[in-house]
Protein chains: 2
Amino acid sequence: MHSPEELTQRFREVGLKVTPQRQAVFRVLYQNHTHPSAETVYEQVAEQMPTISLRTVYQTLNDLTDMGEILHLDLGTGSARFDSNVEHAHHHLVCEGCGLVRDVEADLDSLKFNETLPSGFLVSETEILVRGQCEHCLAQDQNRRSQDQHSKAGA
Amino acid sequence: MHSPEELTQRFREVGLKVTPQRQAVFRVLYQNHTHPSAETVYEQVAEQMPTISLRTVYQTLNDLTDMGEILHLDLGTGSARFDSNVEHAHHHLVCEGCGLVRDVEADLDSLKFNETLPSGFLVSETEILVRGQCEHCLAQDQNRRSQDQHSKAGA
DNA sequence: GGTCTAATCTGCAAGCATTGTTGATTGCCA
DNA sequence: TGGCAATCAACAATGCTTGCAGATTAGACC
């Protein structure tokens, strides 16, 4: 995405007004590269601007998505995630435990489909999703298991 | 997934009861390879058994998913899709127009990640999603465009 | 700076997919 | 065949997202 200042320009060019609420959303997204949900963006904006509504955050995220400034991702984590990195093509790693998302780069050209794709189908995007458990959630699982061991031994 | 008869066995083995409702869901899934949504499964079962509830269909789909008989897919189409083909690893092609899903096989081993994946992360699944427009939706789009041309010319 | 108007804001209600609850029903083992 | 736990249907509730309506405000024009 562009910087908050550049976004201000772009919004005016397209005929959209630049409100303090929108600028606050710009700033949060520009600094947050963790693929936040709308709710998370809302919480972070609300720290600076407690009166903002979740509805406005959704609206601004949609505007930015329509303008191609951010990406709207559905990674199966329940809520949509927003990705401010549209400059460099990349894919995603998703922790099924905590919903953490990380970017990964992959060489799509190296990917071989065993059969050719159906001829009539016009591909717009090929997406790679790596699911699993992050370091933190793995450790937590191990702790829980050893706890269970102890309580079983104690009982 | 196993055949309806084999599923009857498996359900009893696990201590789940085999009701007519469940058998009807088994049959629909066994024959339908279009990756139906819960709603679609419900509609098809309801043709034979109009009193079944959507809740029961969801419950049975969840049971089958837990047993590994079917796959629960989130392809960003709004509702979850259920895939009865768990025997052969494959990936999916999704039409962004009508939600049609097709299986595609891809050689995951050929896929190169430019940086290695984070060391602490335990990968459970790597999923490839090809989005685009199917033949049918492409044709429809073209029709619509030429219609627009005509009405513009006529006006 | 002041005025004006359309765009935007907030708060709330509604929509959709899915799950929780509950009392009635039924599979299935003895 | 009886009995009980599992399951059913109907309905309420959830979580995420969007629609709506009246109050507010950005920004063009004077």
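Here, each number is a calculation from the coordinates, and none is a lab measurement. Predicted model only: the values in this text are computed from it and were never measured. Positions of Cβ are generated from backbone atoms using ideal geometry, with glycine treated the same way; all protein chains shown enter the neighbour counts.
Quick test of your reading of the structure: B:Asp103 fulfils all but one of (1) touching a helix residue (DSSP H, G or I) at 6+ places or on another chain (Cβ under 7 Å); (2) assigned to a strand (DSSP E or B). Name the failing condition by number.
The one condition B:Asp103 does not meet is (1).
Within segment B:77-91, can one find any residue that is under 26 Å from A:Ala106 (Cα atoms), surrounded by 15 or more Cβ atoms within 10 Å (Cβ to Cβ) and within 13 Å of DNA strand C (Cβ to nearest atom)?
yes
Filter segment B:10-38 for residues that are within 10 Å of DNA strand C (Cβ to nearest atom) and either exposed (fewer than 14 other Cβ atoms within 10 Å of the Cβ) or assigned to a loop (DSSP other than H, G, I, E, B) (or both) and give the result.
From segment B:10-38, those within 10 Å of DNA strand C (Cβ to nearest atom) are B:11-13, B:15-23, B:37-38; that's our starting set.
Passing the criteria: B:Arg12, B:Glu13, B:Gly15, B:Leu16, B:Lys17, B:Val18, B:Thr19, B:Pro20.
If you check A:Gly97 against the conditions, is it surrounded by fewer than 18 Cβ atoms within 10 Å (Cβ to Cβ) and away from chain B (no Cβ under 12 Å)? Walk me through it before giving the result.
On the way: surrounded by fewer than 18 Cβ atoms within 10 Å (Cβ to Cβ): yes; away from chain B (no Cβ under 12 Å): no.
Judged against the criteria, A:Gly97 is not a match.
Any chance you could count how many residues in segment A:50-63 are closer than 11 Å to A:Val25 by Cβ and within 7 Å of DNA strand C (Cβ to nearest atom)?
Here the count works out to 4.
Could you check, for segment B:26-43, whether at least one of its residues is near DNA strand D (Cβ under 9 Å from one of its atoms), touching a Ser or Thr at 6+ places or on another chain (Cβ under 9 Å) and within 30 Å of B:Cys134 (Cβ to Cβ)? I'd like the intermediate steps shown before the answer.
Residues of segment B:26-43 that are near DNA strand D (Cβ under 9 Å from one of its atoms), as a first pass: none.
No, every residue in segment B:26-43 fails to be near DNA strand D (Cβ under 9 Å from one of its atoms), touching a Ser or Thr at 6+ places or on another chain (Cβ under 9 Å) and within 30 Å of B:Cys134 (Cβ to Cβ).
Pull up segment A:94-109, narrow it to residues that are out of contact with any Leu (no Cβ under 7 Å at 6 or more places or on another chain) and of a type outside the set (Asp, Glu), then point me to the one that is nearest to DNA strand D (Cβ to nearest atom).
Here is the first cut: in segment A:94-109, the residues out of contact with any Leu (no Cβ under 7 Å at 6 or more places or on another chain) are A:95-100, A:103, A:105, A:107-109.
Now restrict to residues that are of a type outside the set (Asp, Glu): A:95, A:97-100, A:108.
Details: A:Cys95: 16, A:Gly97: 15, A:Cys98: 13, A:Gly99: 9, A:Leu100: 15, A:Leu108: 26 Å.
The selected residue is A:Gly99.
Which of the residues that make up segment B:103-137 are farther than 19 Å from A:Asp107 by Cα, in contact (Cβ under 8 Å) with a residue 12 or more places away in the chain and facing chain A (nearest Cβ under 7 Å)?
Hits for segment B:103-137 are B:Gly132, B:Gln133, B:Cys134.
Any idea which of A:Thr56, A:Thr60, A:Thr65, A:Thr77 is within 14 Å of chain B (Cβ to nearest Cβ), assigned to a helix (DSSP H, G or I) and within 11 Å of DNA strand D (Cβ to nearest atom)? Don't jump to the end; show me each part of the working.
Values: A:Thr56 fails: within 14 Å of chain B (Cβ to nearest Cβ); A:Thr60 fails: within 14 Å of chain B (Cβ to nearest Cβ); A:Thr77 fails: assigned to a helix (DSSP H, G or I).
Selected residue: A:Thr65, the only one of A:Thr56, A:Thr60, A:Thr65, A:Thr77 that is within 14 Å of chain B (Cβ to nearest Cβ), assigned to a helix (DSSP H, G or I) and within 11 Å of DNA strand D (Cβ to nearest atom).
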